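The values are calculated or read from the model by the stated rules, or taken from the named source; none is laboratory data. This is a predicted model, so every value here is computed, not measured. Because the Cβ atoms are built from the backbone with ideal geometry, glycine has one as well, and the counts that use them run over all protein chains shown. These area figures cover heavy atoms from the full protein model, side chains too; ligands, DNA and RNA do not enter into them. Shrake-Rupley method; radii C 1.70, N 1.55, O 1.52, S 1.80 Å.
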Amino acid sequence: MSQLDLKYPAISDLRAKARRRMPKFAFEYVDSGTGTEAGVRSNRAGLDAVRFMPAILRGEVEPDLSCTLLGRDYAQPFGIAPVGMAGLIWPGAEATMAEGAKRNGLIYGQSTVAAARPEETGPIVGDLGWYQHYPVNDPAIRKDMLGRIKAAGWGALVVTVDVPGESRRERQRRANISMPPVITPGMVADMVMHPEWSLGHAKRGMPRMRFVEDYTAALNEDGFTHAGKIIRGSPGWDYIEGCRVEWDGPLIVKGVAEAEDADRLLGMGVDAIWVSNHSGRQFEGGPAAIDTLPPVVEAVAGRAPVLFCSGISGGLDILRAIALGADHVFLGKAWYFALGALGGKGIDHLAYVLRADMTSCMTQIGAGSLAEVKGRLMER
Ligand SMILES: Cc1cc2nc3c(=O)[nH]c(=O)nc-3n(C[C@H](O)[C@H](O)[C@H](O)COP(=O)(O)O)c2cc1C
């Protein structure tokens, strides 16, 4: 057993360490839900309610975590969800995450509002990279953005549709996170207390939304006043049609919660459906994300892969989503806790922890493959 496994056996250990190494505003940005965080809690309660029957006297079980998604083989069924302004959470996060994804054979999602341009990280991660797209209000900007994403080698486009407007995220407000950012004396003091974070940023310059800025420079706006100017929160169905015409690779829609929507999206030529509630960051009054998965899986009926994220906090949760029909499972916050805690090797460590946890749980329920996991699910 490695020293790292003794010190950081779970995501909660990485979170605690990351919290100590980051200024409060950076930690609050990554960690917070919205409102009273009932959405975060119900995601957790929903996952806990999915149970498996342990198995006995099965002989030797050697769990195989491998899977296939959109024509590509993966050694494990989990990946890295897109996280906006990752470069604020930890200096250089986008490039470090892209390298870690490549080393571990994980899908890496990069956000529209990343601190790196698609051209910077695309060549690092290659077709394991999925670029996340927030709808924009100018068709010419969309066309240019998608063309650049394609030319930079990204393997799939993920259009996020569950951010129809700003969410209040009160914890972020209390931590003084505002757009455009205003640095208060308290924040400066906090940065001084976290030298690794601050020196990393001093070397690179403060993180900015580089990709979006390429389009807002013409509007003569600073990089942050920007996003509201070009990102159009709540487009209609025709937006997806437009993306389908302009993007000839795999097209994935993220933030789906209803069976009818999934069905309609497939009818429009979408290649995969991503069930998510943005980890309770947008709205706390909806269902637990995991409870929206089975109806979507039923509606999709094997016509396309179904992906899942929101609230996953270990290998057992990944198995829960797989048992309910997900083909691949993504984590957001956890990777950034790992990065904040341990730098690039945190990504390797978390990938190891998730694999080890899945292997251990599959052994308990006697499942030798991901396909067998469902068979041990208890009736809900
Ligand atoms: C700090 C932060 C920023 C995020 N930014 C984006 C984003 O720019 N685009 C997007 O589609 N999802 C974004 N998400 C949502 C994630 O892609 C994902 O749905 C969610 O984090 C998964 O839940 P988990 O963090 O509990 O694993 C963000 C999540 C976090 C925590």
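Heavy atoms of the protein only, probe of 1.4 Å, neighbouring chains included. What is the accessible area of Met378 in Å², nearest 10?
Taking all protein chains as shown, Met378 has close to 70 Å².
Over the range 3-376, with the other protein chains present, what is the accessible area per residue in square angstrom, probe 1.4 angstrom? Mind showing how you got there, number by number?
Numbers: 15290 Å² over 374 residues.
Here the residues of the range 3-376 average 41 Å² of exposed surface.
Kindly flag which residue pairs out of Lys203/Lys229; Lys143/Lys203; Lys102/Lys229; Lys102/Lys333; Lys24/Lys203; Lys102/Lys345 have an alpha-carbon separation exceeding 23 Å in this structure.
Details: Lys203/Lys229 30 Å; Lys143/Lys203 33 Å; Lys102/Lys229 34 Å; Lys102/Lys333 19 Å; Lys24/Lys203 20 Å; Lys102/Lys345 13 Å.
From the list (Lys203/Lys229; Lys143/Lys203; Lys102/Lys229; Lys102/Lys333; Lys24/Lys203; Lys102/Lys345), the Cα-Cα distance tops 23 Å for Lys203/Lys229; Lys143/Lys203; Lys102/Lys229.
Let me know the Rg and Dmax you get for the range 244-315 when you use only its Cα atoms, in Å.
12.5, 38
Can you pull the three principal axis extents for the Cα set of the chain, in Å, largest first?
Each principal axis gives a Cα extent; for the chain these are 67, 49, 39 Å.
Setting aside same-chain residues fewer than 8 positions from Lys254, which aspartates and glutamates have a Cα under 12 Å from its Cα?
Within reach: Asp162, Asp271.
When the Cα atoms of the range 155-198 are enclosed in a convex hull and the volume is divided per residue, what value in Å³ results? Walk me through the intermediate numbers first.
Values: hull volume 5.9 nm³, N = 44.
Given the Cα convex hull of the range 155-198, per-residue volume reads 135 Å³.
Take the range 5-104, compute every pairwise Cα distance, and split them into 10 Å bins from 0; I just need the percent in each bin.
All Cα pairs considered, the percentages come to 10, 26, 38, 21, 5, 0.
Using θ = phi - 60° and the Karplus form 6.51 cos²θ - 1.76 cosθ + 1.60, what ³J(HN,Hα) does each residue of the range 295-306 get, whole Hz, x for Gly and Pro?
These are the phi-based 3J(HN,Hα) values: x, 5, 4, 5, 5, 5, 6, x, 6, 7, x, 10 Hz.
Can you tell me the relative contact order of the range 79-226? Whole percent, Cα pairs under 8 Å, sequence separation 6 or more.
On the way: 205 pairs, mean separation 37.3, N = 148.
Over the range 79-226, the number comes to 25 percent.
Would you tell me the accessible area of Cys361, worked out with a 1.4 angstrom probe on the heavy atoms of the protein chains, in Å² to the nearest 10?
30 Å²
Considering only DSSP beta bridges where both residues belong to the range 3-376, give the percentage that are antiparallel (nearest 5). Kindly include the intermediate steps, with their values, before the conclusion.
Numbers: 4 of 30 bridges.
Antiparallel: roughly 15 percent of the beta bridges in the range 3-376.
Lys/Arg Cβ at +1, Asp/Glu Cβ at -1, dipole of the range 3-376 taken about the Cα centre: which of Ser276, Pro294, Ala257 is farthest positive-ward?
Of the candidates, Ser276 comes out farthest on the positive side.
What percent does the relative contact order of the range 253-359 come to when contacts are Cα pairs within less than 8 Å and at least six residues apart? Mind dumping the intermediate values first?
Values: 159 pairs, mean separation 25.1, N = 107.
The normalised contact order for the range 253-359 reaches 23 percent.
Give me the percent of accessible area attributable to carbon and sulfur for the chain, probe 1.4 angstrom. Show your work: numbers first, answer last.
Working: 8650 of 15980 Å².
For the chain, the apolar C and S fraction of the accessible surface comes to 54 percent.
Any chance you could look up the accessible area of Tyr336 with a 1.4 Å probe, heavy atoms only, rounded to 10 Å²?
My reading of the accessible area for Tyr336 is about 0 Å².
Would you work out the relative contact order for the chain, in percent, from Cα pairs under 8 angstrom that are 6 or more residues apart?
Working: 732 pairs, mean separation 107.8, N = 380.
With pairs under 8 Å counted, the relative contact order is 28 percent.
Average projected area of the Cα convex hull of the range 94-184, in nm²? Mind dumping the intermediate values first?
Numbers: hull surface 29.0 nm².
So the Cα hull casts an average projection of 7.3 nm².
For Glu379, Glu60, Glu28, Glu37, what's the largest-to-smallest order of accessible area, 1.4 Å probe? Walk me through the numbers before you get to the answer.
On the way: Glu379 185, Glu60 165, Glu28 15, Glu37 35 Å².
Descending order: Glu379, Glu60, Glu37, Glu28.
Residue-wise, which Karplus ³J(HN,Hα) couplings in Hz belong to the range 99-116, taking 6.51 cos²θ - 1.76 cosθ + 1.60, θ = phi - 60°, and x for glycine or proline?
Along the range 99-116, the couplings run 5, x, 5, 5, 4, 9, x, 10, 5, 10, x, 10, 7, 3, 9, 6, 8, 10 Hz.
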